[in-house]
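A short reminder: the numbers here are calculations on the coordinates, not readings from a lab. Only a predicted model underlies this, so the values are computations on that prediction, with no experimental measurement involved. Counting neighbours? That spans all protein chains shown, and the Cβs are built from the backbone with ideal geometry, glycine included.
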Amino acid sequence: MPGPASNGNVEALAHGAASTGLLRLATAGSVDDGKSTLIGRLLYDSKALFEDQLAQVAEASRRRHGDTGVVDLALLTDGLRAEREQGITIDVAYRYFATPKRTFIIADTPGHVRYTRNMVTGASTADLAIVLIDARNGVVQQSRRHAFISSLLRIPHLVVCVNKMDLVDHDEAVFNAIVEEFASFASKLEITDITFIPISALNGDNVVDRSTNMDWYGGPPLLYHLEHVHIASDRNLIDPRFPVQWVVRPGDAQGERHDYRGYAGQVAGGVLRKGDDVVVLPSGATSRIAGIDTFDGELAEAFPPMSVTLRLEDDLDISRGDLIARPHNHPIVSRELDSIVCWMNDAPLQSGGRYVLKHTTKSVRAVADQLLHRIDVDTLHRDEHAQTLELNEIGRLRLRTSQPLAYDAYRRNRATGGFILIDEATNETLAAGMLLDPDEPVSAVEMETTAGAPRSANVRWEPTKLTREARFDALGHGGATVWLTGLPSSGKSTVAGALEQRLVEAAIPAYRLDGDNLRHGLNGNLGFSATDRAENVRRTAQAARLLADSGVIAIVSLVSPYAADRQMARAIHDEAGLDFVEVFVDTPPEECERRDTKGLYAKARAGEIAGFTGVDDPYERPEAPDLVVAPDDPDPVAAVLAALEARGVRTSSEDE
Amino acid sequence: MSYDISHLDELESEAIHVFREVAAELEKPVLLFSGGKDSIVLLRLAEKAFRPGRFPFPVMHVDTGHNFPEVIEFRDRRIAELGERLIVASVQDAIDRGRVVEQTGPRASRNRLQTVPLLDALAEHGFDAAFGGARRDEERARAKERIFSFRDDFGGWDPKNQRPELWNVYNGRIHRGENVRVFPISNWTELDVWQYIDREGLELPPIYFAHEREVFRRDGMLYATASFIELLPDEVPFVETVRYRTVGDMSCTGAVTSRARTLQEVVAEIAATRVTERGETRADDRATEAAMEDRKKEGYF
């Protein structure tokens, strides 16, 4: 191969590179598709390949292939004796190179289906995946498998290198056909960013330098793309999450600092700032960040993936495995987990089996409750009759844990959504898991019959022969949910009561679910922590869904201050195919406080109630409610009825 | 506001996370310290992970008895400054007790003899985890090794049966008698280490900088003369200005000719070099194609 690119970057590497960013990339494939040649090219041209390594490879090539003069770069990446002897790649190999712009870590994995677990391992930390396609062969099974695994592990960026363009006369039509076929397949996957680059790894076309053989290609060469792809925004900077890893308590040995108590860990999401209110999960205790410490001094803020130590204003009982979040942006807290797992051990998944589950810094015991289906990584076909998962198989698994876990869906945050399963007896790592939202549809088919996925284990939706259409036809009307949100004393209950009365008088069954009333029964065991509020909304939404499904118009009157909770309520109805009308009762805060129908504002101001919405707990105004009503509206009920009618929900039994 | 983070900060954060995971999940860890640049970086990372607390583990050096005197002096001073506890496992003791047999002749080296005293010391103190400064860019067997490298109750490494390592979720569960070797700077390159030493202003033993030394040439490499190293008939000592890229046993660590007397000059030389540090200066890896893999299977670092 031609010599390395200019060494003009030495100066920059020596003095400037300390401030460059890091990009982790994953490659998968076999020797045939030119993967090793591509990696060799990147390492060689960026001067990361050293003369003694090259000499070693040249010597090994001569032993393997005779005096052909060919340097087999696959021998460079195959690090283990067994790999070199058998001429195969067994494991993940990590390679390093740097340019003045960025530092790179390559996780190089074999591409065969029997190494799926290695691909999953390499993909788990990657910012970017390179899928290689041989221009002569087009999109093959292995290309699809790599794309699927990349999307499953949510690698934010995918680069499809159509390699060996020199062997198809650098033909644009060949490239375009492959792009079209791959894009069509990829549309079935969740991939946010795909880039296609025609290359010849052997000749260096479009790898480091722009090729003169393919003027029709207007994009940048591969290395330029790797150096410039924007990855900072891939990290979750929205949802503050801090798994407590280690409690720093120097004790008396350090003299004057004996009262120091800090919570050390790596920020897993969001931006944490000094003075922020925080909630500790699963206990729900609240406090405020007193300081963010590092060995090098205090910081004003911390964000992923920084390792820091938090000090809190209050002396709380916090230990390893707890999760620090913000009161109004809390993760899911549950013992029932729904996940996609990749099985990585020779011993197959045991239905009902007990495992150790490690998630962030917390280890709990878990029972494998139900395997919903197995996914064929090549065809994406779901086998719903699968009884187990064997080595390298992927499936959807429900688990139940011994203690509640505070987590996010993997799609939202890889750090708080991934877990591993460990064998209690052998201590081996058995599986990698990616958590799903509790409301994640099981599949299009199951959605129609279950109207929202059940969360509990071993509980199957009992299907009924009676369809919703038949029920609503027989009743002469259909059900729906009207969700009234707004500050305390904004007038929600007044609107809800009037609406209920108007509908019932028109012979349409309607039933009011009032937040306060539900707390006397169904939600009696819930408090006002962020977690409990979320559960309050969930139960209320599920109750409303059942009423709506039965043909009743459910009228919910609930402060429901957090946008995420209201979104969950809507999702529960959307998945069930039921109408949901979010009504924002937009009464100005001063007016609500002046009314203070229950005298609660006064109590909150007096400090008798903590966490009161509108006083010391915020209300997140709906950004896009279906309807806004104000206190001076002449007839808010008519507006709600019109909104229901507009959705085809009858609001009167009189014939039209 | 930019939420970019430099590659050194990201590598540092990853290493701190690894330190804390081990301290939290293993019963009795130990930090292996050689006095070399990689383990000097480990000490700084441990400070970052645990200060203002003390290290939740002692520091241990496997002393071949053939180490550079400058390095031993530096070792004792640095650990004292940190106020941490140092344990020394001695190859000489192991030889005296008949646990290992000293090689003889001009090519004798105590490098490989370190494995037995290392395993003995781990067992004697009941250490179930040992931090090491190995990096994946050093050598191709290491390129495949996990950050948490599980060892059986004979201290051996089974490269084909390694635990998958996903995200930053490490599985540190072991049975009694087994242990894990943990490599917090697995993902660092030699250049990263030097840049970090520069950034942090870390002190190094003087042998890392150009100095005059009596050396002799063997197999194309320069070795320091010492009372315990026998010269071959055609080997003639001479004085050269050299520095070391790695610090190991004097019998197997070669020097490079260099005029780099400051850290910046060393970093510039490293950035421009075309030979790996182990290829240039470590005779122990040159024995066979899989020399490192074989030593690791036996329980080497």
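Label-to-label distance for A:N427 and A:D315 is 3.7 nm, based on points extended 7 Å past Cα in the beta-carbon direction. Over chain B, DSSP H runs of length four or greater, each weighted -39,500 (n - 2.57), average out per residue to a 222 nm ellipticity of -10000 deg cm²/dmol. Per-residue Cβ neighbour counts within 10 Å put A:K492, B:K28 in the sequence B:K28, A:K492, beginning with the fewest. Calculated mean residue ellipticity, 222 nm, chain A: -8000 deg cm²/dmol, from DSSP H runs (n ≥ 4) at -39500 (n - 2.57) each, averaged per residue and rounded to 500. Roughly what % of DSSP beta bridges within chain A run antiparallel, to the nearest 5? Counting only bridges with both partners in chain A, antiparallel ones make up about 60 percent.
Across peptide B:12-22, the mean count of Cβ atoms from other chains lying within 10 Å of each residue's own Cβ comes to 5. Backbone geometry of region A:271-280 corresponds, through the Karplus equation with coefficients 6.51, -1.76 and 1.60 at θ = phi - 60°, to 3J(HN,Hα) couplings of 10, 9, 10, 4, x, 5, 6, 9, 10, 9 Hz, x marking Gly and Pro. Each Lys and Arg contributes +1 and each Asp and Glu -1, all at the Cβ; summed about the Cα centre of region A:316-408, the dipole is approximately 480 debye. Remark: relative contact order (chain B) = 21 percent; criterion is Cα-Cα distance under 8 angstrom and separation of 6 or more residues. Got a sec? Charge dipole of region A:344-433, +1 on Cβ for Lys and Arg, -1 for Asp and Glu; which of A:L421, A:L391, A:T360 is way out at the positive end? Farthest towards the positive end: A:T360. In chain A, Cα pairs under 8 Å separated by at least six residues give a relative contact order of 8 percent. Output the relative contact order of region B:198-240, whole-number percent, from Cα pairs under 8 angstrom with separation of 6+ residues. Worked out over region B:198-240, it gives 40 percent.
Counting neighbouring beta carbons within 10 Å and listing from fewest to most, the residues A:I106, A:I318 come out as A:I318, A:I106.
A Cβ-based charge dipole, computed about the Cα centre of the protein assembly as shown with Lys and Arg at +1 and Asp and Glu at -1, lands at about 1560 debye. Label positions at B:Q92 and A:L167, each projected 7 Å from the Cα along the C-beta direction, are separated by 6.2 nm. With a simple spin-label model that places each label point 7 Å from the Cα along the Cα-to-Cβ direction, the separation between B:Q264 and B:E203 comes to 2.2 nm. For A:D276, nonlocal amide neighbours, meaning residues 5 or more places apart or on other chains whose placed amide H falls under 5 Å from its own, are A:I289.
Compute the Cα gyration tensor for region A:180-241, then decide on rounded, prolate or oblate, letting a ≥ b ≥ c be the square roots of its eigenvalues: rounded whenever a/c is under 1.5, prolate when a/b is larger than b/c in the other cases, and oblate in all that remain. Cα axes put region A:180-241 in the oblate bin. Residues whose amide H comes within less than 5 Å of that of B:V100, counting only those at least five positions distant or on another chain, are B:I95 (H built at 1.01 Å from N in the peptide plane).
Judged by the gyration tensor of its Cα atoms, with axes a ≥ b ≥ c, chain B is oblate; a/c meets the 1.5 cut and b/c is at least as large as a/b. Couplings 3J(HN,Hα) of region A:624-638, computed from phi: 9, x, 6, 7, 10, 10, 10, x, 8, 4, x, 9, x, 4, 4 Hz, in residue order, whole Hz [Karplus 6.51 cos²θ - 1.76 cosθ + 1.60, θ = phi - 60°; x for Gly and Pro].
Projecting the alpha carbon convex hull of the protein assembly as shown along each direction and taking the average yields 44.5 nm².
Pairs over the 23 Å Cα-Cα cut-off, from the set A:K101/B:K37; A:K274/B:K28; A:K358/B:K28; A:K492/A:K598; B:K48/B:K160; A:K188/A:K358: A:K101/B:K37; A:K274/B:K28; B:K48/B:K160; A:K188/A:K358. In plain terms, the chain from A:A507 to A:R647 could stretch by 48.5 nm, reckoned as 0.36 nm per residue minus the Cα-Cα distance. Peptide A:112-121 shows a mean partner chain C-beta count of 1 within 10 Å per residue C-beta. When +1 charges are put on Lys and Arg Cβ atoms and -1 charges on Asp and Glu Cβ atoms, the dipole computed for region A:510-656 relative to its Cα centre reaches about 600 debye. Shape of region A:85-177 from the C-alpha gyration tensor: prolate (a/c of 1.5 or more and a/b above b/c, with a ≥ b ≥ c the square roots of its eigenvalues). From most to least packed by mean Cβ count within 10 Å, the peptides A:320-332, A:170-182, A:539-551 give A:320-332, A:539-551, A:170-182. Among the residues of A:419-429, the average count of other protein chain beta-carbon atoms within 10 Å of the residue beta-carbon is 4.
Among B:R20, A:R102, A:R595, the order by Cβ neighbours within 10 angstrom, fewest to most, reads A:R595, A:R102, B:R20. Here's how it looks for A:D134: its modeled amide H is under 5 Å from those of A:N163, which are all 5 or more places away or on a different chain.
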